[in-house]
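Each remark here refers to the structure printed beneath this line.
We did not get these values from a lab; they are worked out from the coordinates using the rules stated. In this text the structure is predicted, and so the values were computed from the model without any measurement. A quick note on method: Cβ atoms are made from the backbone with ideal geometry, for glycine too, and the neighbour counts reach across all protein chains shown.
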Amino acid sequence: MAVTGSEGSKSGTPDAGESPLLRAGAEAVERGELREGLRIFERAAQVEHGDLRLCALVDVAVVTDRLGDHAAAAERFREALSQIPVDARRMYPGALIGLSQALQNLGDLDGAQEALERAREALGYDDAPGDLRLACLVSSTAVALHRQQWWRALDLASESLDAARRFGPEHAGHPLMNLAAAHFETGRWELAQDFAGQALAAFGAVDDPAGVAETRQNLALMHTRTGSFEAAEPLLAAAQEYFEAAGAAHRAGIGRKVMGFIAEQRGQTDAAEARYREALHRFEESHAVIDAADVRLRLATTAFAAGRFEDGESELALARGSYAVRGLGLHCAQLDYWHAGLLEPLVTQVPGLLARAVDLAVPAALALDAVRYELPDGAQRDSWNRRIVNPALRLAFRYAYLAGDARLVADLIENQCAGTILDIDRLDAAPPAPLDLFEPFDPPSESAAAVQDALQLGTALAAVAAGAGLPVAPPPRIAVPPDGHIALSGWLEAAEQRYGRRVRADRVIPA
């Protein structure tokens with residue numbers, strides 16, 4: 001799912017005073033005329049001086065990123081940062097937050113996190129601008145969502161929502177949408193749609209057409225992934241009209257990908273592949289490498305369905321390479337599981353393919369199974385197991401059985417019988433310090449009633465969502481009699497090396 005970044009990187013010009021050109025550019029962007037806004041800001045960068053010129057440079061970078069040229073945006077942000085004094089109270093941290101957003105879109109999550117850490121340091125003084133502190137939290141949530149760090153994303157999104165309530169309700173849309181994304185990915189679909197509805201109301205109340213369009217697109221994606229295509233299509237069409245008119249290539253590419261998926265599910269293979277190719281072109285044009293990898297997975301699926309197995313393998317290899325080089329181990333595990341499933345019709349026909357399918361399916365299933373201990377409550381763990389883990393383990397069992405590997409089948413059974421262990425240390429420990437180490441925000445500003453309603457309901461939903469569940473420990477290792485060997489030992493090692501994730505605790509229990 002697309003995640004919500006931040007509008008906090010706008011310079012806002014308090015450091016610099018007034019500029020008719022900057023005001024005109026901002027008005028054009030607010031109308032959705034991104035290219036006109038970019039033209040005006042570029043002109044301002046040529047004719048303004050001092051802080052106003054620096055503000056223009058930052059605004060050029062922000063709009064370039066929104067247009068989807070993320071590589072150029074990152075260069076523009078770096079150019080601006082090389083000239084902005086580190087004590088510029090708004091421009092310097094704002095540019096760092098904007099740089100983080102561009103780097104997230106480029107898939108450079110380490111660079112994005114580093115930029116955010118620098119921004120937090122720059123905002124560490126007592127009366128730092130609250131909207132930028134909030135923007136830093138929102139962007140940190142987006143990084144956690146990209147990394148599929150669900151627990152951290154939920155914590156950060158909840159904290160962001162509380163910060164919006166305390167500082168300014170008009171900024172509530174982004175944390176609400178990030179809460180929707182995090183809960184959707186961990187199986188709380190109804191709750192996610194409630195949060196997304198509140199985000200839509202919040203963006204609409206402050207007349208933010210870009211926020212409205214992004215939220216409509218995200219809602220459409222939720223409906224699509226739950227099979228409600230009729231509910232998705234009007235939202236998708238409205239969002240796509242905005243992004244195409246604004247020239248926002250990256251977001252338009254996301255819309256094309258969702259259109260392709262709907263066509264694929266309806267059996268319209270040619271139309272699906274055409275939409276996927278259009279999306280891939282937009283993503284490559286924007287250097288949005290993670291989204292490009294995601295759509296390659298769909299292209300691999302259509303290629304396998306059409307019997308073009310070499311094309312499908314090529315797409316999967318390109319996608320996996322993009323995930324792996326960025327340290328996205330869970331993405332790699334999900335792709336390997338999907339790859340193993342695509343091989344199923346062929347494993348009894350192609351010599352040697354069954355062994356490869358086993359090698360893909362078993363470590364991927366173990367890595368996906370281990371995710372449950374990271375989730376904050378039992379409902380989310382149950383949903384993750386039902387939707388993700390159980391199908392992956394069924395595939396691993398099936399391939400182990402077809403391969404005639406009795407020991408692997410037995411070890412998989414022992415692994416599943418081990419159950420879940422309560423994490424006493426985490427249960428007894430004092431609650432962690434809040435992730436936002438800043439001082440309290442100023443009182444909320446006056447805002448539209450619809451935004452206040454969205455905040456009140458969103459905060460209530462967040463409190464309910466956070467109130468359930470006991471922490472669990474990472475799954476233990478199982479010693480299997482009579483020889484006492486560790487069940488799946490080689491497979492566990494392969495999973496941890498392959499995906500760069502801890503999939504089992506060091507603790508050993510007898511079968």
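Are there trypsin sites (Lys or Arg not before Pro) in the stretch 187-266 that DSSP puts in a loop and that have at most 16 other Cβ atoms within 10 Å, and which ones?
Arg266
Rounded, prolate or oblate: pick one for the stretch 208-325, where a ≥ b ≥ c are the square roots of the eigenvalues of its C-alpha gyration tensor, a/c under 1.5 means rounded, and failing that, prolate if a/b is larger than b/c, else oblate. Judged from the Cα gyration tensor, the stretch 208-325 comes out oblate (a/c at least 1.5, b/c at or above a/b).
If the viscosity is 1.002 mPa s and the temperature 20 °C, what translational diffusion coefficient in µm²/s does Stokes-Einstein give for the chain when Rh comes from Kirkwood over Cα pairs?
Rounded, D is 89 µm²/s.
Sequence-distant contacts, meaning Cα pairs under 8 Å at least 6 residues apart, place the relative contact order of the chain at 14 percent.
Taking Lys and Arg as +1 and Asp and Glu as -1, the other residues whose beta-carbon sits under 12 Å from that of Trp491 total -2. Taking GluC sites (Glu not before Pro) that fall in a DSSP loop and have at most 12 other Cβ atoms within 10 Å as cut points, what is the longest piece of the chain between them? Within the chain, the longest run free of exposed GluC sites (Glu not before Pro) spans 19-445.
Once the other residues with Cβ under 15 Å from the Cβ of Met222 are scored (Lys, Arg +1; Asp, Glu -1), what is the net sum?
Numbers: positive: Arg188, Arg216, Arg225, Lys257, Arg387; negative: Glu185, Glu190, Asp194, Glu214, Glu230, Glu233.
Taking every Cβ under 15 Å from that of Met222, the sum is -1.
Net length available on complete extension from Glu284 to Arg507 is 75.8 nm, with 0.36 nm assigned per residue and the Cα-Cα distance removed. Simple spin-label estimate for Tyr125 and Arg166 gives 2.0 nm between the two label positions (7 Å along the Cα-to-Cβ direction from each Cα).
Simple point charges give the picture: +1 on the Cβ of Lys and Arg, -1 on the Cβ of Asp and Glu, and for the chain a dipole about the Cα centre of about 1240 debye. Placing unit charges on each Cβ (+1 for Lys and Arg, -1 for Asp and Glu) gives the chain a dipole about its Cα centre, and among Gly68, Ala115, Ala370 the Cα reaching farthest toward its positive end belongs to Ala370.
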